[in-house]
Structure formats: C-alpha cells, structure tokens
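One structure is given here, and the rest of the page talks about it.
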Amino acid sequence: METFVKKGTDLETADVWIYVSGCPIGPKEDLKNRDEYIQSDIAGFHARFKHGTVRIEEPLALPNAKTFVPVRTFESGESHNPFEQVIYVAEQTRVLTLVLSAKTKDAYTTSLPAFHEFAQSYNGSIIPSPGPRHP
C-alpha cells in the first residue's frame with residue numbers, strides 16, 4: 001500500500017490522505033472479479049461500522065485508460081475513517097483501489113477534485129513486468 005499526503009504534511013497529523021492498494025482477483029481467487037471485490041468491500045465496511053452508509057457515485061472517466069470505473073463513498077458515522085471515497089480499477093489479475101480518506105467533511109470535500117485528478121492520471125495496468133528488459 002502506498003500513502004500520499006499534501007506536500008509538507010506529516011502522515012500522523014494529516015487531515016486527509018490518499019492511499020493505493022490492490023487485491024488479487026480471478027478464477028483461482030476467492031473474489032473472481034471487480035464487482036465481487038466491491039461487494040466484499042462494502043460488506044466488510046458494514047461489519048466494522050454498523051451505522052455507516054455507502055453511496056454509489058457516478059462512474060469516473062479515466063481518459064488515459066479509456067474506461068469508466070465505479071466509485072463508492074463510505075461514511076462511517078464514527079471518528080475512525082469518517083469519510084472515504086474509493087475508486088475501483090480492474091486490472092488483469094487484481095483490483096486496484098484508490099482511496100481518499102479524510103478526518104473531516106470539509107477536508108474531504110475540498111480534496112475531492114485533486115483526488116479525481118490523481119485517479120484520472122492512471123494510464124493502465126501498473127503490474128510490474130516479470131523481469132528486467134535488456135536492449
């Protein structure tokens with residue numbers, strides 16, 4: 001998992017951050033596709049946050065990858081993970097999640113445009129190549 005904060009901000013004190021992670025999917029995995037992963041993510045959220053809400057947002061265009069991807073907004077109703085938006089990108093063998101997480105609604109709302117711009121910079125699979133290339 002990679003975590004990003006505003007320049008000059010410490011992760012420990014940041015009020016908003018972005019993190020990127022991935023989960024394997026496919027015929028030999030517990031989760032077969034992106035939709036199953038999203039449902040599992042939502043179920044896990046509801047198990048942790050009994051009064052939390054999940055909203056389905058408009059799909060986000062990723063122009064460089066020439067696709068639209070699902071977006072969900074999670075509000076826990078608690079002080080832990082109160083506001084998150086997750087963008088789900090299906091790659092060949094995994095789902096890549098881009099997550100905006102904020103401690104306050106103001107930080108969340110203010111950061112959404114930059115988060116979407118970050119997501120829209122995605123150019124396609126970031127799965128590492130199998131080995132070094134030689135000319």
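The values are calculated or read from the model by the stated rules, or taken from the named source; none is laboratory data. Every value quoted in this text rests on a predicted model; they were computed, and no experiment measured them. Neighbour counts are summed over all protein chains in view; Cβ atoms, including those assigned to glycine, are modelled from backbone coordinates with ideal geometry.
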(1) modelled with pLDDT of 95 or more; (2) closer than 16 Å to residue 89 by Cβ; (3) touching a helix residue (DSSP H, G or I) at 6+ places or on another chain (Cβ under 8 Å) all hold for residue 63 apart from (1)
Take the residues in region 26-45 that are more than 15 Å from residue 69 (Cβ to Cβ) and aliphatic (A, V, I, L, M), then tell me which one is surrounded by the most Cβ atoms within 10 Å (Cβ to Cβ).
31
Identify, from the list 69, 16, the residue that is crowded, with 18+ Cβ neighbours inside 10 Å and touching a Pro at 6+ places or on another chain (Cβ under 9 Å).
69
Scan region 80-92 for residues that are in contact (Cβ under 8 Å) with a residue 12 or more places away in the chain and loosely packed, with under 14 Cβ neighbours inside 10 Å and report the count.
1
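Condition check ((1) of a type in the set (Phe, Trp, Tyr); (2) in contact with a His (Cβ under 8 Å, 6 or more places away or on another chain); (3) modelled with pLDDT of 95 or more) across all residues:
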position	(1), (2), (3)
72	no, no, yes
80	no, no, no
84	no, no, yes
91	no, no, no
94	no, no, no
98	no, no, yes
108	yes, no, yes
112	no, no, yes
130	no, no, no
Quick one: residue 74 ticks every box in (1) farther than 21 Å from residue 13 by Cα; (2) more than 12 Å from the chain's Cα centre (by Cα); (3) hydrophobic (A, V, I, L, M, F, W, C); (4) surrounded by 21 or more Cβ atoms within 10 Å (Cβ to Cβ) except a single one, so which number is it?
(2)
